[in-house]
Structure formats: structure tokens, C-alpha cells
Amino acid sequence: MNLKSTLSQNFNNSDFLTNIDFREIEEKDPSLNDGHKLLYDLEVPFELRLEDDNGPQEVGSFEYIRCKILLNGEEKNPIHIRIELSCENDLFFHFTGDVDEETFKVMEENQKLKIKFFEYSNLLKKLFDSCIKQPQLFNSVFIMQRDGTAKLNFEQNIQYKRVELLSIDFVNSPDDMVKKQISYRYNIIRTKLELSLNRIQSINNIIKNKNPSLLLQIQKSPTKLNLTTKSGTSSIK
């Protein structure tokens, strides 16, 4: 098989040199500094509402919110579970929902939950996934108050009415945490870009040495660069 056909095949193969693994640098996430491990990290469609003295808005704005589920301890014997919410369109949007066994008991009693604390993280995953995959049936409504607190309500649409499945209290994250997250997000984007450009240059150099005319053909056609992260695989052109 000649170089041209080999490269043509490999450019369509996710195992080629363009597949860059960023999981190592993502382990520097400040969310993991206090012993928590990441269980879930995806963008979920949210309905954002503001609440004032007259109550929450009837209809809010829709935004994709990055949802992280972090756990301290073992999944079947957790010590602490945290949800972190952030938004790519607003770097200062950052809320935290912390639950330990004692606070979960209050949730369990107030909301008549049928699960135990060790099942809480799996329930969260299922609810977030349902909001992604079936937005016509499952909704995540985030109600923000002026004092910096907020509430996330998971709702299911059943026969022209909404049934609340779970409600979680949140607080605006401390300024120090927000600054660390902004710095981390900026640095990781810059690092990913540098690594990607270096990888592209390395590939170009290999092709240039083997077949300069092929390099010109490749540069004229768009090629996707696959970026592997802990939260999945994305691609840029």
C-alpha cells in the first residue's frame, strides 16, 4: 500500500496521529483538588429562571450548562457528592450543590425519595442523561435568587402537566473557586490548542519529507482533528 492510500485511510481512522488524548492535563482540574473524583461531565440543556419578590419567572431562557458530578469516597459508600454547574457563555456562572449523608436525609424526608444516599449519584446521571436524550419529556429548570442561592428542579412532562422528580439546592460558588475555574479553563484551552498545532505540524513534516505533493492536496481539503477528553471526543476542522 502506498503512502497516499495509507494516509487517506488513516485520516478517517480515529486511531491516527490526529487523535490527541488530553485526559492527563484535565486531571489538574481544581474541582479534583480536595479528593473528589469526576463521575460525570456533560453539557445539559437548562431552562434558566430568575426569582424575585413576585416569584420565579414563568418562562426563562434556555442554555447548555456544563454539569459535573463529583464524589468523595467510593460510589457504593460515598462521603460527599457535589454537583458543579458552569456555562461557556458566562465564565462567572458557577454554582455548587453539596450533599452528604446528613443533608441527603433531609432531602429524602422532604421529597419522599425512594433511594438511599449511595444511589444518589446514579440517579443524577440518569436525570441529566434523560434531559439530554429526551428534552420533550424531561426538563431541568434552574431557578436563581438574588441572594446567590438557586434550586435545580428536574421535571417530567406527563399529560400536559409537569411532575417534579427531584429538587436540589445550590449556592453561588465562592469567588476564589470561580477564579480558579476560569484560570483552569483558559489554560486548558491554550494548552489544547498548542498541542493540536504541534501535532499538525509534526504530521505535516512527516508528509512533506515523504511526499510533498500529497501535503499540498491535504492542505486543500478540510480534515477533522479529534480531541479526546474525559467527557468524550470532540472534533475541530
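The values are calculated or read from the model by the stated rules, or taken from the named source; none is laboratory data. These numbers were taken from a predicted model, which means no experiment stands behind them. FYI the Cβ positions are ideal-geometry reconstructions off the backbone, even for glycines, and counts take in every protein chain you see.
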The stretch 182-205, subset loosely packed, with under 15 Cβ neighbours inside 10 Å and of a type in the set (D, E, K, R), residue nearest to residue 90 (Cα to Cα): 190
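How many residues are assigned to a strand (DSSP E or B) and farther than 24 Å from residue 81 by Cα if we restrict to the stretch 149-178? First the steps, then the outcome.
Of all residues in the stretch 149-178, those assigned to a strand (DSSP E or B) come to 149-158, 161-172.
The next check asks that each one be farther than 24 Å from residue 81 by Cα; those that pass are 157-158, 161-163.
Residues flagged as assigned to a strand (DSSP E or B) and farther than 24 Å from residue 81 by Cα within the stretch 149-178 amount to 5.
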Test: residue in the stretch 157-168 that is under 23 Å from residue 33 (Cα atoms), surrounded by 14 or more Cβ atoms within 10 Å (Cβ to Cβ) and not hydroxyl-bearing (Ser, Thr, Tyr): no
Within the stretch 150-175, tally of residues that are within 21 Å of the chain's Cα centre (by Cα) and not acidic (Asp, Glu): 13
Residues located in the stretch 40-64, provided they are surrounded by 16 or more Cβ atoms within 10 Å (Cβ to Cβ) and in contact with a Ser or Thr (Cβ under 9 Å, 6 or more places away or on another chain): 40, 41, 42, 43, 44, 46, 47, 48, 49
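Please tell me if residue 8 is surrounded by fewer than 18 Cβ atoms within 10 Å (Cβ to Cβ), of a type in the set (Ser, Thr, Tyr), modelled with pLDDT under 70 and under 23 Å from residue 191 (Cα atoms). Reasoning before the result, please.
Values: surrounded by fewer than 18 Cβ atoms within 10 Å (Cβ to Cβ): yes; of a type in the set (Ser, Thr, Tyr): yes; modelled with pLDDT under 70: yes; under 23 Å from residue 191 (Cα atoms): no.
So residue 8 does not fit the description; no.
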Single residue of the stretch 127-147 satisfying the filter (loosely packed, with under 12 Cβ neighbours inside 10 Å and free of Cβ contacts under 8 Å to residues at least 40 places away in the same chain) that is farthest from residue 48 (Cα to Cα): 133
Candidates 65, 115 - the one that is β-branched (Val, Ile, Thr), assigned to a loop (DSSP other than H, G, I, E, B) and either over 29 Å from residue 186 (Cα atoms) or touching a residue at least 12 places away in the same chain (Cβ under 8 Å) (or both): 115
Residues located in the stretch 124-138, provided they are under 17 Å from the mean Cα position of the chain (by Cα) and over 10 Å from residue 44 (Cβ atoms): 124, 125, 126, 133
Qualifying residues in the stretch 51-62 (those that are farther than 20 Å from residue 93 by Cα and outside any strand (DSSP E or B)) - the one nearest to the chain's Cα centre (by Cα): 58
Odd one out for residue 198 among (1) assigned by TED's automatic domain parsing to the domain that holds residue 53; (2) polar (S, T, N, Q); (3) free of Cβ contacts under 8 Å to residues at least 60 places away in the same chain: (1)
Single residue of the stretch 30-60 satisfying the filter (of a type in the set (Asp, Glu) and out of contact with any strand residue (DSSP E or B) (no Cβ under 7 Å at 6 or more places or on another chain)) that is modelled with the highest pLDDT: 34
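Given the structure, is residue 96 within 22 Å of residue 142 (Cβ to Cβ), without any contact (Cβ under 8 Å) to a residue 60 or more places away in the chain and either of a type in the set (Ser, Thr, Tyr) or part of a strand (DSSP E or B) (or both)?
Working: within 22 Å of residue 142 (Cβ to Cβ): yes; without any contact (Cβ under 8 Å) to a residue 60 or more places away in the chain: no; either of a type in the set (Ser, Thr, Tyr) or part of a strand (DSSP E or B) (or both): yes.
The answer is no for residue 96.
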Test: residue in the stretch 22-29 that is among the charged types (D, E, K, R), at pLDDT below 70 and buried (at least 17 other Cβ atoms within 10 Å of the Cβ): yes
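Would you confirm, using the coordinates I've provided, whether residue 190 is assigned to a helix (DSSP H, G or I), closer than 19 Å to residue 44 by Cα and modelled with pLDDT under 85?
Working: assigned to a helix (DSSP H, G or I): yes; closer than 19 Å to residue 44 by Cα: no; modelled with pLDDT under 85: yes.
Answer is no for this residue.
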